[in-house]
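Written below as structure tokens is the structure these notes are about.
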Amino acid sequence: MWTMTEEKAKPTNAELKKILNIGIKLSTEKNRDHLLASILENGMDITHCDASTLYLFEDGKLHFKIMKTLSQHISRGEDGELIDDMPPVPMTERNVCSYAALHREIINIPDVYDNTRFDFSGPKKYDALTGYHTQSLLVIPIENNEDELIGVLQLLNAMDEEGNVIPFDSEYEIIIRSLGAQAAIEMTNLKYVQEVKRQLRSFVEAMSTAIDERTPYNGSHTRKVAEYAGMIADYINKQHQAGACDDYFDENRKDKLELAALLHDIGKMVVPLSIMNRATRLDRDLGTVETRFRLLEAYYTIDHMKGRIDEQEYQKRISYLRESLDFIHRIDGKGVLDDADYDRVQELAGHSYVNDAGEPLPYLTKREKDRLSIRKGTLTEDDRRQMEYHVVMTEKILGKVWFNKNYEDVPKWAASHHELLDGSGYPRHLKGEDLELETRIITVADVYDALTARDRPYKKPVSQEKALGILKDMADEGKLDCRLVDYLAAAVLEKEKKGVVKECQRKQE
């Protein structure tokens, strides 16, 4: 049975010191949900009350954020979960919380059942349903240093040491309001920090989109690398929670990792598209070769008609040209060039047609010979050097951007994604001890996407199983972090299983 006494709860010297310590703690809290919970819990603790509700002012209404009643063991919203079964409070003069918000006024009511100024039909209905008895009430608007309304803190049923309900002492009003104001300032600061982060993130995503859209063969690479990097970080956290891993990625650390992943290929902005988009060895030069071979046929036909070469020699040369062009077509898109094909390219490049003026017309130019002689892929050594130079340009470009202390390592992680643990990577040939965990993660994610990507012009995608096998081979060779390869494999398989389950559920629906 709730009873009401005339005594009022007043702050003691010890409590005042506690309030100062609370203020210091609030100034160091970086999590918005924890900060909001701290406002409510400390407000209840200072005033020795039984229940409290914290409302946030959003979209012109007061939304339930946190609700807590000690005597009924009720606690909702403290971990950030939504209280979506409680409709927002409209801003009307008859509602005590709305009134406090509209007029920025503290409302202190000793007994709500004796108050006719405000409409307390809602609390009275709640009391009737639950057996609770709402009596003393303290409502305090929460404002920041720019006079912006953040929300409202409603405290219910202050109690004395014997557990009797008593009115809230007026001395608490300024203390709780001060506490709320300080928390509101910290919330505003957090909001600014989040806005800066969102702005940086949006800029980075815009740049990564520009990189990917520059070529149709790189349409989702940076986003996929960031996704895989995030998956590895999430799996590391699972291992950490299980006590199997010391590393942990909080929200801020994971955000920096993903930003570095999104920026890792920004240097490709300076790589020529003729290299970026080269689908075959000759690519667009194939048409030039075809035209030259038709011209050579025409020259030999004229020589035959003028009697410079006999029928047998003519047929031999025409047949050689046509067979050679078929050969060029065959190896142009071939993944790996074997020794026999390589030797044939060298032999073909040694042929020329010599005109009446003694001027030679080579069957293949040096550039065409070099490209057709590529043992693997579509890039010459010079092309590859230009492509690899993108990591140097990534470092140079990001070196022109100011990153604050929180993000100062992002450029380094991004520019080192082609370094390998054994020092065989590029451009600096760094080794394991010089490569931070974030760099190692991005490297594994980058290699995996490069292997499995379906939009690369110069190769067919590798299956998930084969790609993970290649990664494990590279780890066994000392090039990649074996632990991270295992984490990626586990994370990819987990995602695949979830996808299968969702698809089954969708079909059942």
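Pairing residues of region 314-339 that are over 23 Å from I302 (Cα atoms) with residues that are at pLDDT below 95 and open to solvent by 40 Å² or more (accessible area, probe 1.4 Å), at Cβ distances under 6 Å and at least 6 apart in sequence or on separate chains, gives V336/K376; L337/R375.
Within region 369-427, the residues that satisfy the criterion of being surrounded by 17 or more Cβ atoms within 10 Å (Cβ to Cβ), assigned to a loop (DSSP other than H, G, I, E, B) and among the β-branched types (V, I, T) are I374, T378, T380. Residue count for region 164-197, restricted to those that are aliphatic (A, V, I, L, M), at pLDDT below 85 and either touching a strand residue (DSSP E or B) at 6+ places or on another chain (Cβ under 8 Å) or not in a helix (DSSP H, G or I) (or both): 5.
Give region 183-203 a look and list any residue that's of a type in the set (D, E, K, R), under 20 Å from A261 (Cβ atoms) and free of Cβ contacts under 8 Å to residues at least 24 places away in the same chain, or say none. Passing the criteria: only R198.
So L468 passes all but one of these: (1) under 30 Å from R284 (Cβ atoms); (2) aliphatic (A, V, I, L, M); (3) in contact (Cβ under 8 Å) with a residue 24 or more places away in the chain. Which condition number does it fail? Here L468 clears every test but (1). Once region 335-352 is narrowed to residues that are touching a strand residue (DSSP E or B) at 6+ places or on another chain (Cβ under 9 Å) and closer than 15 Å to T365 by Cα, the residue that is least open to solvent (accessible area, probe 1.4 Å) is A349. In the set (1) over 20 Å from F168 (Cα atoms); (2) open to solvent by 10 Å² or more (accessible area, probe 1.4 Å); (3) modelled with pLDDT of 85 or more, the condition left unmet by I66 is number (2). Being among the small types (G, A, S) and open to solvent by 50 Å² or more (accessible area, probe 1.4 Å) is not true of S38. Figure legend. Inter-residue proximity from region 238-267: first residues within 30 Å of Y389 (Cα to Cα), second residues aromatic (F, W, Y) and surrounded by fewer than 19 Cβ atoms within 10 Å (Cβ to Cβ), beta-carbon distance below 8 Å, spacing 6+ or different chains. Indicated pairs: K256/Y407; L259/Y407; G267/Y389. Per this entry, E161 is counted among residues that are open to solvent by 10 Å² or more (accessible area, probe 1.4 Å), assigned to a loop (DSSP other than H, G, I, E, B) and either over 27 Å from F57 (Cα atoms) or not aliphatic (A, V, I, L, M) (or both).
The values are calculated or read from the model by the stated rules, or taken from the named source; none is laboratory data. Note that the coordinates shown come from a computational prediction; the quantities given were computed from them, not determined experimentally. For neighbour counting, all protein chains shown are included, and Cβ atoms are generated from backbone atoms with ideal geometry for every residue, glycine included. When the accessible area is computed, the model is the full protein with side chains, heavy atoms only, and any ligands, DNA or RNA have been set aside. Shrake-Rupley method; radii C 1.70, N 1.55, O 1.52, S 1.80 Å.
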